[in-house]
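The values are calculated or read from the model by the stated rules, or taken from the named source; none is laboratory data. Just so you know, these numbers come straight off a predicted model, no measurement behind them. Note that each Cβ is placed from the backbone with ideal geometry, even for glycine, and that neighbours are counted across all protein chains shown. Side chains included, ligands, DNA and RNA excluded: accessible areas come from the protein's heavy atoms. Shrake-Rupley method; radii C 1.70, N 1.55, O 1.52, S 1.80 Å.
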Amino acid sequence: KLGYFWAIFEPVLGTALLTFIFSLISRHPPIGTSFALFFATGILIYNLYQKLSGSLMAVFEANRGLLAYPLVKETDVVFARFLVILMTYLFIYIIFFGGLITLGLAHFPHRLDVVLLAIGAIAALGLGAGLTNAVIYMLWPTWRRIEAVITRPLFFLSGVFFIPSNFPPTMRYWLSWNPILQAIDLFRVGYYSNYHSQVLDVPYLCMYIAILFFVAFGAERLYRKHQN
């Protein structure tokens, strides 16, 4: 009955719960002094990717009625869903981080341009992964269950709970291949003035997004030709 309020309340509640649990375990977060801010810079960014990659997977099946109209193409429903989710999470970010700043639990981002770049990067990763998942799912419905199992460890390997720069060089090297971790680290570099990442590689992140887009939109194009 609360309707769209749940879209905002769910990620906020998850962040608050993690903040409470970890504040009981440790006295200080890995960066700064606010557990709420540290986890918000991780889990809220990761949730945007997860929401996009998961919701876009079923976008063709959920919009079969719209796709019956000749003027509506597959990419139309993909970008429509993408924009709705992205705008929702931008609204969540404004409310959550604005609330933390108002309560004195956070400060204004050190580099707002870098923060926005990180949000754009994680949104692009979600769009590319979601569109790729959508094409695979239409050809092989079992993929939805397999993808959920394969991507589950990403929540623990993407820097939501930790700072990758604190790990030994070998561990940092393997973690740095995770583009989601790169986007979260980029967000934290932009938000915290005293954080300098040892794993952040923006050219790699951009290259990964470009390749992912090539694969995703190429697969969508081939699928559309196959349907026609």
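What to note about this one:
- Packing around the peptides 73-80, 119-126, 103-110, taken as the average count of other Cβ atoms within 10 Å per residue, puts them in this order, highest first: 119-126, 73-80, 103-110.
- Nonpolar atom fraction for the stretch 76-228, defined as the carbon and sulfur part of the 1.4 Å probe accessible area, stands at 71 percent.
- If you look at the Cα atoms of the chain, you get an Rg and a Dmax of 18.5, 60 Å.
- C-alpha center-to-center spacing [the stretch 39-66, the stretch 142-156] in angstrom: 13 Å
- Computed over every Cα-Cα pair of the stretch 131-228 and binned at 5 Å starting from 0, the pair-distance distribution P(r) comes out as 2, 12, 17, 18, 17, 12, 10, 7, 3, 1, 0 percent.
- Rounded tilt (10° steps) of 45-55 against the dominant C-alpha axis of the chain: 20 degrees
- Listed values for the stretch 104-118 are Karplus-derived 3J(HN,Hα) couplings in whole Hz (6.51 cos²θ - 1.76 cosθ + 1.60, θ = phi - 60°), namely x, 9, 7, 10, 5, x, 5, 10, 5, 5, 5, 4, 5, 4, 5, and x replaces Gly and Pro.
- Helix 202-227 and the longest principal axis of the Cα set of the chain meet at an angle near 20°.
- Between the helical axis of 74-102 and the longest alpha-carbon principal axis of the chain there is an angle of about 20 degrees.
- Here the dipole of the stretch 77-228 is about 400 debye; that uses its Cα centre as origin and unit charges on the Cβ of Lys and Arg (positive) and Asp and Glu (negative).
- A 1.4 Å probe run over the protein chains yields, for the chain, 55 Å² of accessible area per residue, whole-number rounding.
- When the chain is described by a simple charge dipole with +1 on each Lys and Arg Cβ and -1 on each Asp and Glu Cβ, the residue from THR142, LEU117, LEU17 located farthest towards its positive end is THR142.
- Furthest towards positive pole of dipole, PHE214, GLN182, LEU200, structure part the stretch 163-228, Cβ charges: PHE214
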